[in-house]
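The values are calculated or read from the model by the stated rules, or taken from the named source; none is laboratory data. Here the structure is a predicted model, which means the values were calculated and not measured. Here the Cβ positions follow ideal geometry from the backbone for every residue, glycine too, while neighbour counts run over all protein chains shown. Calculation scope for accessible area: heavy atoms of the full protein, side chains included, ligands and nucleic acids excluded. Shrake-Rupley method; radii C 1.70, N 1.55, O 1.52, S 1.80 Å.
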There are 2 protein chains.
Amino acid sequence: MSKLLILGTLAFDAIETPFGKTDKILGGAATYISLAASQFNVDSGIVSIVGGDFPKSYLQKLNQKKIDTSGVEIVEDKKTFFWSGKYHNDLNVRDTLATELNVLADFKPKVPEHFLNPDFLMLGNLHPTVQMEVIQQIPIRPKLVVLDTMNFWMNNTWDELMEVIAKVDVITINDEEARQMSGEYSLVKAANKIHSLGPRYVVIKKGEHGALLFENGNAFFAPALPLEEVFDPTGAGDTFAGGFIGHMASTHDISYENMKRAVIAGSNLASFCVEKFGTERMEELTSEEVQDRLLQFKLLTQFDIELS
Amino acid sequence: MSKLLILGTLAFDAIETPFGKTDKILGGAATYISLAASQFNVDSGIVSIVGGDFPKSYLQKLNQKKIDTSGVEIVEDKKTFFWSGKYHNDLNVRDTLATELNVLADFKPKVPEHFLNPDFLMLGNLHPTVQMEVIQQIPIRPKLVVLDTMNFWMNNTWDELMEVIAKVDVITINDEEARQMSGEYSLVKAANKIHSLGPRYVVIKKGEHGALLFENGNAFFAPALPLEEVFDPTGAGDTFAGGFIGHMASTHDISYENMKRAVIAGSNLASFCVEKFGTERMEELTSEEVQDRLLQFKLLTQFDIELS
């Protein structure tokens, strides 16, 4: 079984959407990535940090999904990272109401010894220096390193971001961020420029408009599944990334053809994530539901047309 | 060979995009629809109206593509419909600078006798009463009737629009218009409501984000091809519709499976339309180019994933 190491936040989220609001609930990139990856046959472990206020039951939820949390540092006298946001009617638009870094401010990641040899490495959205520190602790390069980032790091830590991006195989980024990073409006041109920064594979996430995978002049597109209700988009991007790397890790196949399937697998899992608040849908998700919806993705996208 | 009757405008367009601007050039829904349909083995004819200022050479351009223009009324002492628009950097957003109805103000469509028995009927974006008059002139119902419309008719002629929509098989409409028509934000729910107005098939066009086909709980998605340059989006929606009905008419097959191929064929042709100003790219387009790009659509969307 492949070892998958996941760097990312464990957090409290408070979310408001047109359909309701939550108190502080379990959130964070590592949470969503690992829950999505737990749908695959992989040996996953998290590197992260929480405060003394983080319920043990949250870690146990992850452990029940066979996610190793021994790499989660607990700082008893400090508080867990907290994010609060409000979504508009157009769920693609959100306001951040609060960001309290708390323990994240001094996070020095430490990869546990039994995860120093991961086959696959997922660097969730965090300070690029933290992402780099994890890369540097691993003596043998994993088969595939995937990095997720966001505009905040482009605006504030550009040089550090460029250093870590140069070291990864796959970058996942949303469309606006791809345009900002490249200075190009066309996503084809944007992907070409981002390739030149290091990553052989560029995945551009477009929310309800799907995701594009670019590799060396090739492009593959996975739509988002058209849903009757999108309840809460929080975590959809991380769930996509977790499904992507979970598929890659469980199949031990880093070819472009297999990466197409990984993009579909990620879109598939993200389509569940948004159906309920927070992690609720991902926690209860069964493999039968995942398989049924994969069939819907096939029906949604596959056609048979004669080429003369 | 199937007979395809196309109702729509022939127009002068003046277009400004971030990449340049044109004087008055050939435009109009019937122009783009018929040029796209001319890529298929169909016997197409146009019902439309122009003024005495409309160059004979424009009609000859269409005739050279074997498009019958005997249903185009020429009103010598009046002027042709004129539209002028300006696109922003985000080419999904445009301002209409001028709309001069001219001959369109008193348009009474008259289907030529040799097109009173079309196998396929494409009702391009026009006043719903004009669309209805064409339906009423045809004694035997065509195999498939496709209607395109826009928000202007929803705002100003709702009742007439509802009457004509009730009589068609397929409606093509953009995402914002589908939301307006249905009062639903979710496109799945919007399509369900629009089904209940009459059309068995609902095609929702999302511009650079592709197109969705809905039928009785089924959904199919065709992406827009990611392009390095989008030069001028004018006519892309009509080109999509022309490719859609051209494929349907040339294959004589009105099944849902074949309609999926028609959505791909429409998206394929629209991807060419936007590469140059106005009709330029569509006029010079070869069947080899069309076939080559269909292969790109396959590579963009097709994947092979195991379902357990």
Under the 7 Å Cα-to-Cβ spin-label approximation, A:ILE25 and B:GLU257 lie apart by a distance in nanometres of 4.2
Distance violations [Cα-Cα > 24 Å] among B:LYS21/B:LYS66; A:LYS24/A:LYS65; A:LYS110/A:LYS205: B:LYS21/B:LYS66; A:LYS110/A:LYS205
Counting all Cα-Cα pairs in segment B:3-108, those more than 19 Å apart amount in percent to 46
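Once you average over the residues of A:216-226, how many Cβ atoms of partner chains fall within 10 Å of each Cβ?
For this peptide, the per-residue mean of nearby foreign Cβ atoms is 5.
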How big is the accessible area of B:GLU177 in square angstrom, nearest 10, if you roll a 1.4 angstrom probe over the protein chains? 20
Suppose the chain between B:GLU16 and B:LYS167 were pulled fully straight at 0.36 nm per residue; how much longer would it get relative to their current alpha carbon spacing? 50.7 nm
Over the protein assembly as shown, with every protein chain in place, what whole percent of the accessible area is carbon and sulfur at 1.4 Å, could you tell me? 49
So for the protein assembly as shown, Kirkwood radius off the Cα pairs, Stokes-Einstein at 37 °C and 0.692 mPa s: how many µm² s⁻¹? 127
Hey, can you find the accessible area per residue of segment B:149-308 for me, probe 1.4 Å, expressed in square angstrom? 37
Run through the other copies and list how far each one's label point is from that of A:PRO18, in nm with one decimal, shortest first; the point sits 7 Å from Cα along Cα-Cβ. 2.8
Taking R0 as 22 Å, what FRET efficiency do you get between B:ARG94 and B:GLU275 from their Cβ-Cβ distance, rounded to the nearest 0.05? 0.80
If you take the charge dipole of chain B about its Cα centre, with +1 on Lys and Arg Cβ and -1 on Asp and Glu Cβ, which of B:GLY183, B:ASN258, B:GLY20 is farthest toward its positive end? B:ASN258
Can you list, shortest first in nanometers, how far B:ASN92 lies from the same residue in the other copies, with each label 7 Å from Cα toward Cβ? 0.3
Which parts of segment A:173-198, residue by residue, lose 20 Å² or more of accessible area when the rest of the protein chains are there, as against the chain isolated (1.4 Å probe)? A:TYR185, A:SER186, A:VAL188, A:LYS189
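Over segment B:24-106, give the accessible area per residue in Å² for a 1.4 Å probe, as an integer.
46
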Rounded FRET efficiency, nearest 0.05, which uses the C-beta distance separating B:LEU307 from A:LYS66 and R0 of 30 Å: 0.80
If the label for B:MET162 sits 7 angstrom from Cα along the Cα-to-Cβ line, what are its distances to the same label in every other copy, in nm to one decimal, shortest first? 6.1
Between B:GLU176 and A:ASP53, how many nm apart are label points set 7 Å from Cα along the C-beta direction? 4.3
Find the sum over both chains of the accessible area lost when A and B are paired, probe 1.4 Å, and report it in Å² to the nearest 100. 3800
